[in-house]
Amino acid sequence: MRRRLLLLAPLGAAALAGAGFLAMLRRMRTGRFDPRGVPTMLLGKPVPIFALPGFALPGFASAGFASVDLAGADLAGGRPILLNFFASWCAPCVAENPRLMALHEAGIPLWGIAYKDRPDATAAFLGRHGNPFTRIGRDDAGLTAIDFGVTGVPETFLIDASGVVRWHLSGPLTQEAADEAASMLRQYA
Amino acid sequence: MSPELGHFALALAVAFAFAQAILPLWGAWRRDARLMQAAPAIAIGQLVALGTAYAALVWAAVTDDFSVLNVAENSHTLKPLIYKISGSWGNHEGSILLWCLILAMCGGAVAVFGRALPASLRARVIGVLGLSACGFELFALLESNPFARLWPAPVDGRDMNPLLQDPGLAFHPPLLYVGYVGFAIPFAFAIAALLEGRVDAAWGRWVRPWTLAAWCCLTGGIALGSWWSYYELGWGGFWFWDPVENASLLPWLTGTALLHSAIVVEKREALKVWTILLAIGTFSLSLSGTFLVRSGILNSVHSFASDPSRGVFILGLLALVIGGSLLLFALRASLLSSSGLFAPVSREGALVLNNILLCSIAAVVMTGTIYPLFADLLFGAKISVGPPFFNATVLPLAVPVFIAMSLGPALSWKRADLGAAVLRLWWVAVAAVAAGLFALIGMQALPALAFGAAVWIILGAIGEVVERIRLFRVPVAASAARFAGLPRGSFGTTLAHAGMGVTIAGIAGMSLAQESITLTKPGEGVPLAGYVFTLVDLHDAPGPNYASRVADLRVTRDGAPVALLSPSRRTFPVQKMTTTEAAIHTTGFSDLYAVLGDERDGAAVLRLHYNPLAPWIWFGALIMAAGGGISLADRRLRVGAPMRARASAAAKA
Amino acid sequence: MTRRAVVAALALLLALATPAWAIGDPAERLPDPALEARAAELGGQLRCLVCQNESIEDSGADLARDLRHIVRAHIAAGETDSQIIAWMTARYGDFVRLRPPFNPTTALLWASPFVALLIGGGAAYASRRRAVAPPPPLDAAEQSRLRELLNP
């Protein structure tokens, strides 16, 4: 009997591994399993300390644009905001732009950080696709992005009224993610 | 030759595969001699059909038939002919077809060379091969059809990834696949033995040459892949513990264990159940290696490319083949009784130790490869497992293997005297310790240990021959006669073990590599490891489907010219990609290795390496494979040879 | 079908392509060879987050270059290896470490060599014990059959 069990052990091990792989495949299809995704370490933690030069564009003053420098302390400004890392050279950023615009038009405060981008390229990008941001910081060296644990643009963080990160998305904002972000925002308002 | 002919031949091959699976197995079960005898013909038929299908694919690639999707996506009119041919297996669909072709070749090989096998065993082996062929050919036909058409046909193809346009990589996949798929034969023998309920010494003798052939090809394939990454990827690394590399290492480790445990089955009728399990396990790992990588699970560690529907098909196929054979194992393995008893200290004992250690290494490599996936699935923990982990865990397990490699052959079967064996190898041990201590003077502990191990293994292998021919103990002429009379199999063992030692020495040497990265203007010299690399000139050079930028370097040592190196950067316009072509000058004992980087202000970034003993890594692998080949030539191991000898003896009488 | 193949080709390209760009730049290196060796050793244990199983030392990716630079800046500032690793894990978690730390979720991973050896040794011991167990004595029927065979 013990020998029988021993002979069954390889089958059992293979079956367990197979079940695991099947679960991975299924979750990959629904997007719940992404072996490549890098987690954020900031959830539930205050945003890192940073100070970035602001981004100014004369043509955008009418769109509520302020060329104020962006600092970590500004994020704990008593209301929750969405912080989006983007770049003009990033194709998924173009893809998610309409959803950011929709959030902006719904009155949700969106701040942007231009990651390793030239100011004129950023301006051209926003001019072409529309500017959803009320404030923009310029992370030319990409070091603030590293402090946020950003591995690639676009990435979006939801920061609550006290400056604590509550939600995070790596990759372009899908419609579901945008809805989730909006509802989270209401929750922390 | 049209792609439709290839498509039809593939469908025909599936039909043959079903016939090959059903008729012989049914015949063996019903003891129907006619059905059993049909097996070889069906296997040959399947091989011819698949050969036609593959030829059609190669033809489409060679004639630039861009109406075939696969060709349009992977070829280009300007691509050199050799890469048009190798491009046929340089993509998913084509490589699956090649995989199936090699499986059909295995069936054909058993049909042709297995004439001396008992009829029922041969029928079952061919039947099991046909059964696995059914699944994979269906996969090729239904899920990854290489003959899919594209309309309208583009004017030109997209070209192949430039990194793959390389002679080393052109032949790496076929060799590797022959190795992977070759293990289907020991697997089929194992399943046939479970069906028959019998494993004996003859079974062990029949299985060994097939295992050995597959092992040789796998060794060569892995070495070729590692060599390619050494010279093509451009920073002198040769093994990265990447999931895809690990996938090829796993069946090599268990295949090596199988090679050794089959000896025990043949000589001593022991370890039968274990050998059967190893044969199943090795082929299962080959399958998982080739297919899991394509399912989007392991591959997704690398990239976003995933196709869950293909993945589910693959997983189902693996579940059928692996699960089915392990179920059969669980049900039938208890019928196999081992008779040979042996003491822990004996040749068998050493081989058991070798098996435990090799399989432990395989288990660790497998755990490390899939652990991040399961940690994510089960605990939601995101972790990485990389080279530092594998180096830290595999090395301690490898050291006892190295020790046993020289000690094991010195032990006698059944019961051995460890002290006597150690005494016999005393001069080897002294030399190894001396080499290790000597190496310790100039370097760190780990390379010194590896050098000691290399000397121990190489001299131990030579010592085995010295011992067998009783050199210096009997007159030289008698020794020479003994030498000539040695079976080729024991030469093979000696060579294979010595080759491992050479590879270890090469790896140890590589850990002493020196490198220099400089921004150099033409006319300037860079000193490295006693050599001076002088940048003579930077110029452009045209290529067939690329343009290249070449740096000419003159290497001198103490003013005397040593070599001219011309590393280059190639830009491929169709794929919009740049590759670096390293220039390597080898002396046999070291490599001088140069890579050309970016240029600014008339100066070029040069990355120069001095890699001591680097060529030994692949030279050792070549010796290992050659050792296996020599063993294959041993007539004791030739399939059915004993039976033929007996038959001719009977005829004479 | 086409799109799938393109994605696969692209993935293969990405998987293979990145290393070729990692030529390095002399300006990146620390002037002190001992510190540079330490930086290279440490960088070899940190994962390039946007590539595959590559360390930041081996990768040509932009982010990897930034992280290489950061490692060297911290080393030049006199920080210890563990301080730098802590800096990295604070931002990217254990994912950044190619040598995973020992903790409850990785215990099984680090235990795998011992577990494998134990299972292998245990199985060998068990089968040996079974093999050397003497066969049961012959019963009456067998004894009579044996007598029959020996004295025909």
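So what is the 222 nm mean residue ellipticity for chain B from helices alone, if each DSSP H run of at least 4 adds -39500 (n - 2.57) and you divide by all residues, rounding to the nearest 500 deg cm²/dmol?
Working: 22 runs with 411 residues, N = 653.
That comes out to -21500 deg cm²/dmol.
Using only the alpha carbons of the protein assembly as shown, determine the length spanned along each of the three principal axes and report them from longest to shortest in whole angstroms.
Dimensions of the protein assembly as shown along the principal axes of its Cα atoms: 117, 67, 60 Å.
In peptide C:97-106, how many Cβ atoms from other protein chains are near each Cβ within 10 Å, on average?
Mean partner-chain Cβ count within 10 Å for C:97-106: 6.
Of the peptides A:131-138, B:478-485, how do they stack up when ordered by the mean number of other Cβ atoms within 10 Å, highest first?
Listed from highest to lowest mean packing, they are A:131-138, B:478-485.
Report relative contact order for chain B in percent, whole number only (criteria: Cα-Cα under 8 Å, sequence separation at least 6).
Across chain B, relative contact order equals 12 percent.
Quick check on the range B:514-615: what does the Kirkwood estimate of hydrodynamic radius come out to from the alpha carbon pairs, in Å? Present the calculation step by step, with values, prior to reporting the outcome.
Numbers: mean 1/r = 0.0720 Å⁻¹.
Taking every pair of different Cα atoms in the range B:514-615, averaging 1/r and inverting gives 13.9 Å.
Can you compute log10 of I(q)/I(0) for the range A:51-188 with the Debye formula, treating each Cα as one identical point scatterer, at q = 0.12, 0.15, 0.19 Å⁻¹?
Ignoring solvent entirely, the Cα scatterers give -0.40, -0.65, -1.12.
Which of the cysteines found in the protein assembly as shown have nothing to pair with, since no other Cys Cβ lies under 4.7 Å from theirs?
B:Cys100, B:Cys106, B:Cys134, B:Cys216, B:Cys217, B:Cys359, each lacking another Cys Cβ under 4.7 Å.
What are the trypsin sites (Lys or Arg not before Pro) within the range B:510-606 that DSSP puts in a loop, where the Cβ has at most 16 other Cβ atoms within 10 Å? If you can, show how the numbers build up before the last one.
Working: sites: B:Arg549, B:Arg554, B:Arg557, B:Arg569, B:Arg570, B:Lys576, B:Arg600; in loops: B:Lys576.
Here the trypsin sites (Lys or Arg not before Pro) that fit, given the DSSP loop and packing criteria, are B:Lys576.
Just subtract the alpha-carbon distance of B:Val574 and B:Lys414 from 0.36 nm times their residue separation and send over the number in nm, one decimal. Mind showing how you got there, number by number?
Values: separation 160, 0.36 × 160 = 57.60 nm, distance 6.45 nm.
Value of the extension gain: 51.2 nm.
By the scheme Lys and Arg +1, Asp and Glu -1, what is the net charge of all other residues having a beta-carbon under 13 Å from that of C:Arg29?
That sum, taken over residues with Cβ under 13 Å, equals -1.
Please give the net charge around B:Ile517, taking every other residue with its beta carbon less than 9 angstrom from that of B:Ile517, where Lys and Arg add +1 and Asp and Glu add -1.
Combined, the nearby Lys, Arg, Asp and Glu give -1.
Would you please put B:54-64, B:396-406 in order of how densely packed they are, using the mean number of other Cβ atoms within 10 angstrom per residue and starting with the highest?
Averaged packing, sorted descending, gives the order B:54-64, B:396-406.
Which net charge results when you count Lys and Arg as +1 and Asp and Glu as -1 among the other residues whose beta-carbon is under 14 Å from that of B:Tyr180? Mind dumping the intermediate values first?
Working: positive: B:Arg294; negative: B:Glu245.
Around B:Tyr180, the surrounding residues sum to 0.
Taking every residue in B:350-361, how many Cβ atoms of other protein chains lie within 10 Å of its Cβ, on average? Kindly include the intermediate steps, with their values, before the conclusion.
Values: counts 0, 0, 6, 3, 0, 2, 8, 3, 1, 5, 10, 2.
The shielding value for this peptide is 3.
Please average, across the residues of B:368-381, the number of beta carbons from any other chain that are within 10 Å of each residue's own beta carbon, and give a whole number.
Details: counts 4, 1, 4, 7, 6, 5, 8, 6, 9, 7, 4, 3, 2, 9.
The per-residue average across the peptide is 5.
Counting only complete DSSP H runs, which helices of chain B cover 27 Å or more along their long axis at the Cα atoms and score a mean Kyte-Doolittle of 1.0 or above?
On the way: long enough: B:3-30 (40 Å, 1.07); B:33-62 (44 Å, 1.39); B:92-113 (31 Å, 1.73); B:119-142 (34 Å, 1.49); B:201-232 (45 Å, 0.23); B:243-268 (37 Å, 0.46); B:272-292 (29 Å, 1.40); B:347-379 (44 Å, 1.38); B:387-407 (30 Å, 1.56); B:445-468 (34 Å, 1.50); B:488-510 (32 Å, 0.77); B:614-633 (30 Å, 1.45).
Helices passing the filter in chain B: B:3-30, B:33-62, B:92-113, B:119-142, B:272-292, B:347-379, B:387-407, B:445-468, B:614-633.
HN-Hα J couplings of the range A:71-79 from phi, Karplus 6.51/-1.76/1.60, θ = phi - 60°, integer Hz, Gly and Pro as x?
With the stated coefficients, the range A:71-79 comes to 10, x, 5, 4, 6, 8, x, x, 8 Hz.
Using DSSP to define loop residues, name the chymotrypsin sites (Phe, Trp or Tyr not before Pro) in the range C:91-129 whose beta-carbon has at most 16 other beta-carbon atoms within 10 Å.
Here the chymotrypsin sites (Phe, Trp or Tyr not before Pro) that fit, given the DSSP loop and packing criteria, are C:Phe102.
Determine the shape class of chain B: with a ≥ b ≥ c the square roots of the Cα gyration tensor eigenvalues, call it rounded for a/c under 1.5, and otherwise prolate if a/b is greater than b/c, oblate otherwise.
Working: a/c = 1.86, a/b = 1.11, b/c = 1.67.
Here chain B falls in the oblate category.
Only the coordinates and a few stated rules stand behind these numbers; no lab work does. Please read all numbers here as calculations on a predicted model, not as lab measurements. Cβ: placed from backbone, ideal geometry, glycine included. Neighbour counts: every protein chain shown.
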